[in-house]
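The values are calculated or read from the model by the stated rules, or taken from the named source; none is laboratory data. Computed from a prediction, not measured in an experiment: that's the story for all the values here. Virtual Cβ from ideal backbone geometry, glycine too; neighbours counted across all protein chains shown.
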Amino acid sequence: MAKKRKIRPQSGVMRLTKQRLTEGGLPGPDGALIRYPRSEEAAQVGALLKRATEEIEQGYIDSIAAGQCGGWLLDGLSDTENLLEPLVRAAAAGRFVQAAAALTLPLVVQDKEGELVAALLAVPPGTVVSTVRQLPGYEQHALLAMLKYAKIKGVAVRKDAHGRGLGAALLKRCAQMYWQLDFMLLFGEFETSRALGPYYTRQGFTVLEPGQTTDVGTLLTGRPIGLGAGPGETFFYQWSP
């Protein structure tokens with residue numbers, strides 16, 4: 001078994017902890033707090049996210065309501081073995097749906113009045129996982145993809161809260177979370193007609209032209225796998241620093 005790797009603090013950076021994300025919250029713009037959503041807020045989170053995309057499956061909202069969303073990510077903030085070991089057990093038992101929920105990151109912004117005004121959801125990279133699993137002899141690499149790559153499924157800000165930097169703050173905390181957990185790649189898509197390329201570029205992402213792909217396979221498996229957006233979509237990504 002691989003030696004356990006404890007998360008080491010870095011000077012000058014506020015380390016994310018389970019307690020900060022679930023209880024006090026992290027400071028955001030304009031006196032807002034960024035935190036994990038509570039079970040009773042699941043419907044609100046779903047309604048917010050559907051402002052950004054209709055591709056938010058009900059299963060994600062149900063897992064928030066059940067208190068099962070992102071649990072492994074929170075536990076992994078203190079020890080990355082809290083990610084690997086349960087994933088291996090879940091894979092052996094065929095419980096991939098439960099594993100996906102436990103590796104899904106939900107974040108919300110609570111404003112000074114206590115209202116939820118923005119939300120983000122990041123999920124395991126289903127396309128990458130299914131592609132790698134089809135390669136003979138690469139089953140374990142497919143599991144590794146769930147611990148190294150993540151997809152931003154949606155970022156949404158309530159209309160009356162636009163222009164306050166809330167979406168950018170969510171993306172920043174999302175990236176911080178994954179980099180602290182030793183993930184390597186964060187990516188997503190948006191409808192090309194929304195012309196969000198300059199926005200994501202300002203947040204530190206590389207935005208591809210239509211039809212372009214980026215290689216996500218060589219680092220993971222030694223074999224190239226091109227990942228990009230479908231018709232009418234634009235792909236953006238960021239590798240860990």
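Is there a residue being among the hydrophobic types (A, V, I, L, M, F, W, C), out of contact with any strand residue (DSSP E or B) (no Cβ under 9 Å at 6 or more places or on another chain) and farther than 30 Å from THR192 by Cβ anywhere in the stretch 56-68?
yes
Within the group VAL155, VAL117, which residue is assigned to a strand (DSSP E or B), over 22 Å from ASP215 (Cα atoms), of a type in the set (A, V, I, L, M) and over 15 Å from the mean Cα position of the chain (by Cα)?
One residue alone meets the criteria, VAL117.
May I ask you to verify whether GLY126 is surrounded by fewer than 16 Cβ atoms within 10 Å (Cβ to Cβ), out of contact with any strand residue (DSSP E or B) (no Cβ under 7 Å at 6 or more places or on another chain), closer than 20 Å to GLN68 by Cβ and at pLDDT below 95?
Answer is yes for this residue.
Does VAL108 satisfy the condition of being outside any loop (DSSP other than H, G, I, E, B), touching a residue at least 60 places away in the same chain (Cβ under 8 Å) and either aliphatic (A, V, I, L, M) or touching a helix residue (DSSP H, G or I) at 6+ places or on another chain (Cβ under 9 Å) (or both)?
Yes, satisfied.
For the subset of the stretch 173-202 comprising residues that are outside any strand (DSSP E or B) and touching a helix residue (DSSP H, G or I) at 6+ places or on another chain (Cβ under 6 Å), which member is surrounded by the most Cβ atoms within 10 Å (Cβ to Cβ)?
LEU181
Checking the condition closer than 22 Å to GLN19 by Cα, among the charged types (D, E, K, R) and surrounded by fewer than 19 Cβ atoms within 10 Å (Cβ to Cβ), which residue from ASP75, ASP111 passes?
Matching residue, one of ASP75, ASP111: ASP75.
Let me confirm something: among LEU170, LEU220, which residue is assigned to a helix (DSSP H, G or I), modelled with pLDDT under 95 and not polar (S, T, N, Q)?
That would be LEU220, the only listed residue that is assigned to a helix (DSSP H, G or I), modelled with pLDDT under 95 and not polar (S, T, N, Q).
Hey, THR201 hits all of (1) farther than 21 Å from LEU105 by Cβ; (2) modelled with pLDDT under 95 but one; which does it fall short on?
Here THR201 meets the rest and fails (2).
From the list ALA156, ALA150, ALA91, exactly one residue is surrounded by fewer than 19 Cβ atoms within 10 Å (Cβ to Cβ) and in contact with a Leu (Cβ under 6 Å, 6 or more places away or on another chain). Which is it?
ALA91
At pLDDT 90 or above, more than 26 Å from ARG164 (Cα to Cα) and touching a Phe, Trp or Tyr at 6+ places or on another chain (Cβ under 6 Å): which single residue out of ALA66, ALA102 fits that description?
Just one listed residue meets the conditions, ALA102.
Please go through the stretch 167-207 and give me each residue that is touching a residue at least 40 places away in the same chain (Cβ under 8 Å) and either among the aromatic types (Phe, Trp, Tyr) or touching a Gly at 6+ places or on another chain (Cβ under 7 Å) (or both), ordered by number.
Scanning the stretch 167-207 gives ALA169, TYR178, TRP179, LEU181, PHE183, PHE187, PHE190, GLU191, THR192.
Does the stretch 41-56 hold any residues that are in contact (Cβ under 8 Å) with a residue 24 or more places away in the chain, in a helix (DSSP H, G or I) and of a type outside the set (A, V, I, L, M, F, W, C), and which are they?
GLU41, GLN44
Within the stretch 26-37, can one find any residue that is under 20 Å from ALA168 (Cα atoms), free of Cβ contacts under 8 Å to residues at least 60 places away in the same chain and assigned to a strand (DSSP E or B)?
yes
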